[in-house]
Amino acid sequence: MGLGFVLTADDPFVGIDLDNCFTEEGKILPWAQEIVEMIDSYTEVSPSGTGIRIFVKGKLPGEHCRTGNIEMYQQGRYLTVTGRVLQSFEVVKYAQ
């Protein structure tokens, strides 16, 4: 599994997953870039390396929301944290 964060009803956080949002060359796709810019919160590359995870303070209208390649959760979910922070829309590699 790995280091992560458990979303519960007692905390103010929402986890957002953007799936399959990079080109084969590693460039972020425009739809994902727009979401990252709009939310403007802590953003990192997901464990798979093909998606993005965003953590933000907020509330959803239900426990979770999903549409296409976008999922949002506010409770009942364990989200692995990679530390591979997305900055200037390029992946910053962490020390190995």
For Ser41, what is the net charge nearby, where nearby means another residue's Cβ is under 15 Å from its Cβ and Lys, Arg count +1, Asp, Glu -1?
-3
Here the net charge surrounding Gly51, from other residues whose Cβ is less than 9 Å away from its Cβ (Lys, Arg +1; Asp, Glu -1), is -1
What is the extension gain from Leu3 to Cys65, computed as 0.36 nm multiplied by their sequence separation minus the C-alpha to C-alpha distance, in nm to one decimal?
19.9 nm
Hey, rough spin-label estimate for Thr82 and Asp19, points 7 angstrom out along Cα→Cβ, what's it come to in nanometres?
1.5 nm
Ranked on Cβ counts within 10 Å of their own Cβ, fewest leading, Ser46, Ser41 go Ser41, Ser46
Between helix 30-39 and the chain: long-axis angle, C-alpha atoms, 0 to 90°, nearest 10:
50 degrees
If you bin the C-alpha pair distances of the stretch 4-85 every 5 Å from 0, what whole percents do you get?
3, 15, 28, 27, 18, 7, 2, 0
For the stretch 4-85, what does the relative contact order come out to in percent, with C-alpha contacts under 8 Å and a separation of six or more?
46 percent
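Every number here is computed from the coordinates shown, using simple stated rules; none is lab data. Here the structure is a predicted model, which means the values were calculated and not measured. Cβ coordinates were reconstructed from backbone atoms using ideal geometry, including for glycine residues, and neighbour counts include every protein chain displayed.
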